[in-house]
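Okay, so here's the structure we're looking at.
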Amino acid sequence: MGVIAATLTAARIGPGAFLLALVTVGVISVPFTLMGLSIGYSLPSKAAIVVAQLVFFPLAFGGGLLSAPGSAPGFIEAIAPYLPTRGAVELMWAAVGDYSINPLSLVMLGVWVVVLAALAGWAYRRDEGRRFS
């Protein structure tokens, strides 16, 4: 996101903010990687692809990734803090700009990480059990 903004738009960030954005990408990829693992280990590959698309796009829309900070429709602003995408995008907005993070969004991002890690672990163990049965 930072590279695209720096090369294809008038947006500019300093080297420190760019490095912070890179670290942020690594951190915010965790819940979505866990979600993908949960889906991938729970379903056959063809179904997992479809389910991932059906899950990730609404999460992007619901978390406010398709709009600028504070410009999403009211119903999106109401549900966004409870979705992992909102906590992730708020961290990125704060890394590259002057944005104050909603504490609820960060707490919920942490909750999502814990829940998705448990789900991915369960799905992995179940998949391994089926494979060796």
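The values are calculated or read from the model by the stated rules, or taken from the named source; none is laboratory data. In this text the structure is predicted, and so the values were computed from the model without any measurement. Because the Cβ atoms are built from the backbone with ideal geometry, glycine has one as well, and the counts that use them run over all protein chains shown. Note: areas computed on protein heavy atoms with side chains; ligands, DNA, RNA excluded. Shrake-Rupley method; radii C 1.70, N 1.55, O 1.52, S 1.80 Å.
Numbers below:
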| read-out | value |
| --- | --- |
| Order by protection proxy (mean Cβ within 10 Å, highest first), peptides 94-103, 69-78 | 94-103, 69-78 |
| Ranked packing of 80-90, 115-125, 8-18, most packed first, by mean Cβ within 10 Å | 80-90, 115-125, 8-18 |
| Helical mean residue ellipticity (222 nm; -39500 (n - 2.57) per DSSP H run of 4+; nearest 500) of the chain | -25500 deg cm²/dmol |
| Residue-normalised accessible area of the range 33-133, given per residue in Å² at a 1.4 Å probe | 57 |
| Rounded to the nearest 20 debye, dipole of the range 76-133 from Cβ charges on Lys, Arg, Asp, Glu | 440 |
| Nearest-0.05 FRET efficiency for Q53 and Y124, computed from C-beta distance (R0 35 Å) | 0.95 |
| Identified option (computed Cα Rg over 2.2 N^0.38 Å; candidates [x] 2.06; [y] 1.18; [z] 1.24) | [y] |
| Helix 84-96 axis, angle to the chain major axis (alpha carbon atoms, nearest 10°) | 30 |
| Acute angle (nearest 10 degrees) that the helix 15-42 long axis makes with the longest principal axis of the chain, alpha-carbon atoms | 20 |
